[in-house]
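Some notes on the structure that comes next.
The values are calculated or read from the model by the stated rules, or taken from the named source; none is laboratory data. Keep in mind the model is a prediction, meaning the values are calculated, not measured. Glycine also receives a Cβ, built like all others from the backbone with ideal geometry; neighbour counts cover every protein chain displayed. All accessible areas refer to the heavy atoms of the entire protein, side chains included, with ligands and DNA or RNA removed. Shrake-Rupley method; radii C 1.70, N 1.55, O 1.52, S 1.80 Å.
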Amino acid sequence: MDSQHWRAVITAAQAGDRRALDELVEGWLPLVYNIVGRALNGHADVDDVVQETMLRAVGNLGSLRDPDSFRSWLVAIAMRQIRDRARRKTPDRLEEAAASDFAELTVLRLQLEGQRREVAEAVRWLDDEDRHLLSLWWLEVAGELTRRELAAAVGITRQHAAVRVQRMKERLETARGIVRALDGACPDLREVTGRWNGRPDSVWRKRLARHLRGCGYCGGTREAVVPAERLLVGIALVPLPVGFTLSLALGGKTAAAATSAGWSAKLLGALTKPAVAMTAGATIVAGGAYVVTQPPDAPPPRAAVTPTATAGSAPPRTSAPPAPTPKSSPSATRKTDPYGTVVDAVDRAPDPNTRPAALPRRPESGITSTGGPKAVMQHRGDRVTLTGRGYVLVRWQISPGSRPGGLVMPTWTGLKGRLFHVASGGSRRMDDPLPGAPNGYATGMGGPSIGYAVLPPGTQQMWQNEYFYLDGTVTLTQNERGCDYGLAVFPSNRDAVVEDIDQGPPQGAIRYGLVRDTGTDSAPVPQYVTRATPADPATVPQRSRV
């Protein structure tokens with residue numbers, strides 16, 4: 001979201017708006033998690049440091065004078081907690097294993113390959129100080145931080161920051177060379193590492209760096225080495241992992257301890273009231289699901305829309321209950337309420353130069369996602385639950401080069417309310433020919449040299465970007481069993497949908513997008529959707545009417 005929006009949210013949170021405080025923590029938690037996770041490389045202390053950072057930020061929010069400086073202020077708090085943790089380390093904790101290697105998590109969750117993977121894995125070979133700085137610089141080149149904010153977080157001038165970053169980059173390039181060499185087949189290197197325990201440390205970094213400088217095999221690169229900053233531009237934040245839990249309910253502290261920790265009296269007073277919808281009493285679970293308690297004075301939540309015989313007509317008057325629906329009404333239901341009776345069907349690709357029809361307007365209040373602003377689902381069983389009223393982007397990445405064969409499609413389960421398939425975009429269908437056919441691909445579905453991804457019979461061909469409109473709650477599950485594929489799921493909005501589908505061949509794309517939304521309940525629903533919650537989501541029928 002833009003700075004103007006966050007300025008309003010921060011100001012409202014400082015004034016005691018509980019929902020604004022919820023949004024503030026939910027929106028900035030991924031950034032803090034990425035900084036701390038990369039700085040500590042997934043050490044067991046990551047959760048504690050993230051929690052302490054958010055506790056201090058929430059507790060001292062009232063002291064922030066300029067809402068525009070919130071991001072640099074929050075990052076500075078995170079870096080102080082990281083440094084405090086380093087000072088608290090005792091000798092018996094120096095050899096603790098990482099709880100979850102953040103380098104590996106970065107590779108898996110962001111689908112990094114080639115030299116991008118190499119950069120992520122090189123982080124393991126850096127000293128703590130360099131890794132702390134890298135956690136900020138990585139986000140700077142990815143567009144999440146500015147150089148001014150990086151320097152402020154470290155507590156140095158921008159000129160000094162430039163020197164520090166340059167030195168860190170030089171050591172990072174050395175570490176990249178080590179990762180590259182260990183992936184190679186140098187017989188002399190195998191002899192050098194014969195007694196190495198496999199754990200990166202400064203002693204072995206120096207030994208391996210000496211070998212690289214004197215070895216013609218390891219020193220000679222077999223491909224052009226791309227500078228790290230070019231590899232990391234535009235890369236996304238690593239999403240919160242499944243099972244990550246953040247509890248800010250006084251951090252398990254007593255009221256007195258919370259006060260001494262800097263909690264404002266106003267915030268502390270709110271927290272001591274029962275059933276208050278406050279971020280400090282919320283829990284982040286299952287990859288970022290945001291759960292708050294309903295306050296006693298809040299209006300009851302809007303009931304999810306369920307298809308009935310009268311759903312297509314005017315809403316019933318509140319003065320009298322609606323007339324009971326006759327028992328023998330299945331056919332009548334389909335006539336008066338078409339929702340869920342129009343299911344996606346196989347279609348032909350439109351002319352590439354045909355502009356899409358106008359996308360109808362539907363009401364938007366926003367979508368919350370258990371995966372945060374971007375959920376990356378790489379493996380069978382990965383899932384994300386979406387709630388609210390608005391648009392959702394599902395982006396496809398199919399990898400027959402890793403494992404070709406039949407695709408087991410993702411499924412939408414536990415639907416409460418309505419879900420429509422409204423548009424397709426991304427500048428291409430996945431079966432469109434790819435210019436240059438990189439890496440053995442003839443189309444996005446594969447090629448003769450690597451194999452193809454094969455859709456189940458009767459399944460509609462997906463585009464790179466598929467857009468859906470949700471009014472309610474639903475869970476999307478990745479059911480990979482045959483061909484290898486991944487999904488990225490983003491809460492979106494109508495303007496973003498229109499911008500995507502209007503990017504046609506004149507802008508260098510393969511084709512314009514396609515609008516599927518009719519603006520009514522006759523708009524299609526996905527082929528694989530159900531209101532049920534089966535134990536195995538992959539068993540959802542292809543044309544499951546809702």
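Observations on the model:
- Net charge of neighbours whose Cβ lies under 12 Å from the Cβ of HIS211, counting Lys and Arg as +1 and Asp and Glu as -1: +4
- For region 481-543: relative contact order, % (alpha-carbon pairs under 8 angstrom, 6 or more apart): 16 percent
- Under 14 Å from the Cα of LYS416 - aspartates and glutamates, other chains or at least 8 residues apart: ASP471
- Note on LYS416: accessible area approximately 120 square angstrom, rounded to 10, probe 1.4 Å, nucleic acids and ligands left out.
- Relative contact order, percent, region 12-79 [alpha-carbon distance under 8 Å, six or more residues apart]: 33 percent
- Zone residues, region 508-529, relative to THR341, backbone N less than 20 Å from point 7 Å out along Cα-to-Cβ: 517-529
- Computed from phi, the 3J(HN,Hα) profile of region 443-452 under the Karplus parametrisation 6.51, -1.76, 1.60 (θ = phi - 60°) reads 9, x, 8, x, x, x, 7, 10, x, 10 Hz, with x in place of Gly and Pro.
- Low-density loop cleavage sites - trypsin sites (Lys or Arg not before Pro) in region 467-546, where at most 15 other Cβ are within 10 Å (DSSP): ARG481, ARG543, ARG545
- Overall dimensions of region 1-65, expressed as equivalent-ellipsoid semi-axes from the Cα gyration tensor (√(5λ), whole Å, largest first), are 24, 13, 9.
- Overall, the accessible surface of region 14-80 at a probe of 1.4 angstrom is composed of carbon and sulfur to the extent of 41 percent.
- Within region 128-143, backbone nitrogen closer than 19 Å to the virtual label 7 Å beyond the Cα of ASP201 toward Cβ: 128-131
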